[in-house]
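One structure is given here, and the rest of the page talks about it.
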There are 2 protein chains.
Amino acid sequence: MPKISSKGVNMPSSPIRKLVPFADQAKREGKKIYHLNIGQPDIETPEGMLNAIKNIDFKVWAYTHSEGIPSYREKLAGYYQKVGFNIDASNIIVTTGGSEAITIAVNACLNPGDEVIIPEPFYANYNGFTCMADVVIKPIVSSIDTGFALPPIEEFEKVIGPKTKAIMICNPNNPTGYLYSRAELEALKVLALKHDLFIFSDEAYREFCYDGKEFISPMHLEGLEENVIVLDTVSKRYSACGARLGALITKNKEVLAAALKFAQARLSPPGVAQIAGEAAIDTPDSYFEAVNKEYTERRDLVVSALNKMDGVFCPNPGGAFYAVVRLPIDDSDKFCQWMLESFSYKGQTVMMAPATGFYSTPGAGKNEVRIAYVLKKEDLAAAMECLEQALKQYASL
Amino acid sequence: MPKISSKGVNMPSSPIRKLVPFADQAKREGKKIYHLNIGQPDIETPEGMLNAIKNIDFKVWAYTHSEGIPSYREKLAGYYQKVGFNIDASNIIVTTGGSEAITIAVNACLNPGDEVIIPEPFYANYNGFTCMADVVIKPIVSSIDTGFALPPIEEFEKVIGPKTKAIMICNPNNPTGYLYSRAELEALKVLALKHDLFIFSDEAYREFCYDGKEFISPMHLEGLEENVIVLDTVSKRYSACGARLGALITKNKEVLAAALKFAQARLSPPGVAQIAGEAAIDTPDSYFEAVNKEYTERRDLVVSALNKMDGVFCPNPGGAFYAVVRLPIDDSDKFCQWMLESFSYKGQTVMMAPATGFYSTPGAGKNEVRIAYVLKKEDLAAAMECLEQALKQYASL
């Protein structure tokens, strides 16, 4: 029998995957589960986007250009100009989700064995994308005590070596919800220029910034034109995760040329999604205002409920729809499994993501979980009540 | 300025890409171009598939399961059972086009430096997928004089070494249109079992077999359960290239488990495409009968016209909608460019793919082109007339 590859063996599983059988069992037992474990928002996709799908009028569902439909790229360029990026359509390669934008960027820029520095906790799938490219992640720990702010630049300097080729950030951050400040990004800029590093900026949650805080991208900073590669997706912006539509944006012509070759190999991004994506750009501001208001309220509800619980600490996230929370527990994997397997309160329980999956430093995240506040407020309130009861019961075990 | 990776530098371009500026210029000059250069069929997508898109009724365009929507996988399993595969839904991972099925299979099965044997000429993007995975293609030349039949097994044996992990075939073949016989596949089976090799079977053109010839897959052969990985797509079957919907099918549990982890990393395949793909499985037989009749007539027209031209030889392809043709020319890249740049007949010209892009043996394919007979018959007839005139004029240069 032929053997699979080392990558096939070592490719990491989703950190939530091992909880799925316990969730399935809990459902079979009739428990109601509040799913705070995944970033699948319940927010409705804009009507204009859905109508664009319903109104398709082609007879042949054909390949599009590998770099995306020209009219979509043009319109998308307009969107990015509004966001303050000094780019045009030629700086955009349309991708199959943000996932493919990341895969292409990593492969186009890093050789096997090269290193990318990522503040941790970080989006767990970065492990998968780097595993596929044989690239090494060098994590720098950001601390819950500072609200997961960018670690001091000295910490980056310590791990920079001859193999270091890039820094990857996710802003606003998944899993922490932290929103990087201009000062933090300026510090990264100095570092990237000093060491000739790419900055991969995963901006999936760009639209989700709260309390009037400004979103700043490395793409906004002068002098970083050759270094910055923005990795984007429509998934969260328009609650259209199933569209699988993203983009890679850079002013670096060499990266663009290389990325185009990767894009050509897979022929084209999804066709209907691009038509819908083009329509989505006309989504009225009122949609985003309503969504922002809703998420702010959800965040306030969750963060305040959490911080009222004994021994619980949750920094107030400035963006995205996640929070990493410190709980009075010994082992978040065990605790999250226990909540599905052995706990219920009024026939209900909560599914959360153990934070261990977002750290690559062994042992880190053992007393933390990630909560995605993607449910309506009454469900979030019930979930928080449930979690509070669970913590009490768990403490007395 | 940070440097891109070696992969970014070495990633191959599409073999047709270098002709695009000449085609654009020809269009600007008002020339009509018959595009026989790409596998984008003009056949209409089945109505049921398009209606499924128009009738979507979700409010949130959500992620699907990483391995595909359960109901789609079930129905797809039924389709494969009809094709004679002894599999169920658990043997299927739904992918983003056939391209992703290939990428996942190569990464899950081969380590960097490992070798895959591929009869050449072969689909040019195999170069890209293997470049991404740092895998080495060992080509075995199949000859136009035998109609591109499978090369003798001794030729495979000659290149098999400790790094050989797989054989890749495309059946019916792109670019040659050759349809492998049961005897040829049985010979590959013996070889694969003897050397413990995976067989990657790219079956994008399964529905396109002519003259009543039977389609045989390595999946039909007993004893190959652990070796065969079928790579599939709905692109050609339903003329739905823009759907970006494919599948990886195998009975090998280790490969399935590894493939699922790659699938999880990119979250999910396109959502609307899966809904449409599920509807497509109900496409009536009459659709395929009409398509088959149309392509048979197109093939007959093209092959007979070609073989009447002086010094031209075109084997009669048993499947797909391509033919590799030997022309009385010195350099197919030069000739194809010349046809766009310097030739016209009644204000028309033909764009074809130089066969050099489908060979990795240096110098091979210099007097061959690939023709995709994806236009209606009157256009194909005009294109053939045009090509005949071009060859006469080229000979007299």
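With the label 7 angstrom out along Cα to Cβ, how close does residue B:286 come to the same site in each of the other copies, in nm, nearest first?
So the label point of residue B:286 gives 4.7 nm to the other copies.
All other residues with a Cβ under 12 Å from the Cβ of residue B:95 taken together, and with Lys, Arg as +1 and Asp, Glu as -1, what is their net charge?
Taking every other residue near residue B:95 into account, the sum is +2.
Compute from the Cα atoms of segment B:47-280 the Rg and the Dmax, the latter being the longest Cα-Cα distance, and quote both in angstrom.
Values for segment B:47-280 (Cα only, Rg and Dmax): 17.4, 58 Å.
Would you mind working out the accessible area per residue for segment B:1-158, using a 1.4 Å probe, and quoting it in Å²? Could you put the intermediate results ahead of the total?
On the way: 6130 Å² over 158 residues.
That works out to 39 Å² for each residue.
How much accessible surface area, in Å² rounded to 10, belongs to the heavy atoms of residue B:297 with a 1.4 Å probe?
Approximately 60 Å² of residue B:297 is accessible to the 1.4 Å probe.
Mind checking the dipole of the protein assembly as shown: about its Cα centre, +1 per Lys or Arg Cβ, -1 per Asp or Glu Cβ, Debye to the nearest 20? Intermediate values should be presented prior to the final figure.
Values: 82 positive and 96 negative charges, 28 e Å.
It comes to approximately 140 debye.
If one takes the longest principal axis of the Cα atoms in chain A, at what angle in degrees, from 0 to 90 and to the nearest 10, does the Cα axis of helix A:97-109 lie?
With both axes taken from Cα atoms, the answer is about 60 degrees.
Shortest first, in nm, what separates the label point of residue A:161 from those of the same position in the other copies (7 Å along Cα→Cβ)?
Label point to label point, same position, other copies: 3.1 nm.
Express the carbon and sulfur contribution to the solvent-accessible surface of the protein assembly as shown as a percent, rounded to the nearest whole number, probe 1.4 angstrom.
So the carbon and sulfur contribution to the accessible surface is 52 percent.
So which residues of segment A:51-65 lose at least 50 Å² of accessible area, probe 1.4 Å, when you go from the chain by itself to every protein chain present?
The answer is A:53, A:54, A:56, A:59, A:60, A:61, A:63.
On C-alpha positions alone, give me the angle between the axis of helix A:285-308 and the longest principal axis of chain A, in degrees, nearest 10.
It is inclined by approximately 30 degrees.
Work out the mean other chain Cβ neighbour count within 10 Å for the residues of A:134-141 and drop it here as an integer.
Counting Cβ atoms of other protein chains within 10 Å of each residue's Cβ and averaging gives 1.
Based on the mean of other Cβ atoms within 10 Å per residue, sort peptides B:372-378, A:198-204 so the most packed one is first.
Going from most to least packed, we get A:198-204, B:372-378.
Just tell me how shielded B:256-262 is by partners: mean number of partner chain Cβ atoms within 10 Å of each residue's Cβ, no decimals.
5
In whole angstrom, note down how far apart the Cα centers of segment A:28-48 and segment B:339-397 are.
Segment A:28-48 and segment B:339-397 have Cα centres separated by 55 Å.
Could you work out the local net charge near residue B:126, counting Lys and Arg as +1, Asp and Glu as -1, over the other residues with Cβ closer than 15 Å to its Cβ?
-2
Give me the inter-chain shielding for B:103-111: mean count of other chain Cβ atoms within 10 Å, whole number please.
Across the residues of B:103-111, the mean count of other-chain Cβ atoms within 10 Å is 5.
Ranked from highest to lowest mean number of other Cβ atoms within 10 Å per residue, what is the order of the peptides A:349-357, B:381-389?
Highest to lowest by the protection proxy: A:349-357, B:381-389.
In nm, what does the list of distances from residue A:313 to its counterparts in the other copies look like, shortest first, when each label sits 7 Å along Cα to Cβ?
Output for residue A:313: 7.9 nm, nearest copy listed first.
I'd like the orientation of helix B:182-195 relative to chain B: the angle between its Cα long axis and the longest Cα principal axis, in ° from 0 to 90, rounded to 10.
Around 60 degrees separate the two axes.
Counting only protein chains, not ligands or nucleic acids, how are A:13, A:332 ordered by accessible area (probe 1.4 Å), most first?
In descending accessible area the options line up as A:13, A:332.
Given the protein chains as shown and a 1.4 Å probe, how many square angstrom of residue A:169 are accessible, to the nearest 10?
0
Just B:121, B:162, B:46 to compare: in a GNM of chain B, with alpha carbon springs under 10 Å, which one fluctuates most?
B:162
Under 14 Å between alpha carbons, and skipping anything fewer than 8 positions from residue A:334 in its own chain: which aspartates and glutamates qualify?
A:368
Too long at a 20 Å Cα-Cα cut-off: which of A:138/A:194; A:3/B:194; A:163/B:138; A:75/A:251; A:31/B:261?
Exceeds cut-off: A:163/B:138; A:31/B:261.
How would A:232, A:134 rank on accessible area, largest to smallest, probe 1.4 Å?
Values: A:232 0, A:134 55 Å².
Listed by decreasing accessible area, they come as A:134, A:232.
Only four residue types carry charge here, +1 at the Cβ of Lys and Arg and -1 at the Cβ of Asp and Glu. Report the dipole size of chain B about the Cα centre in Debye, rounded to the nearest 20. Don't jump to the answer; show the numbers that get you there.
Numbers: 41 positive and 48 negative charges, 212 e Å.
Approximately 1020 debye in magnitude.
Counting DSSP beta bridges with both partners in segment A:47-280, what percentage is antiparallel, nearest 5?
In segment A:47-280, approximately 35 percent of DSSP beta bridges are antiparallel ones.
Place a +1 charge on the Cβ of each Lys and Arg in segment B:99-247 and a -1 charge on the Cβ of each Asp and Glu, then give the dipole magnitude about the Cα centre in debye, rounded to the nearest 20.
280
Considering the Cα trace of chain B, what is its radius of gyration and what is Dmax, both in angstroms?
Reported Rg and Dmax, both Å: 21.1, 64.
Using protein chains only (no ligands, no nucleic acids) and a 1.4 Å probe, work out which residues of segment B:1-45 have their accessible area cut by at least 40 Å² relative to the chain alone.
B:1, B:2, B:3, B:4, B:5, B:7, B:8, B:11, B:17, B:40, B:44
The values are calculated or read from the model by the stated rules, or taken from the named source; none is laboratory data. These figures come from a predicted structure and were not determined experimentally. When we count neighbours, we look across all protein chains shown, and the Cβ atoms used for this are built from the backbone with ideal geometry, even at glycine. The area values use the complete protein model at the heavy-atom level, side chains included, leaving out ligands, DNA and RNA. Shrake-Rupley method; radii C 1.70, N 1.55, O 1.52, S 1.80 Å.
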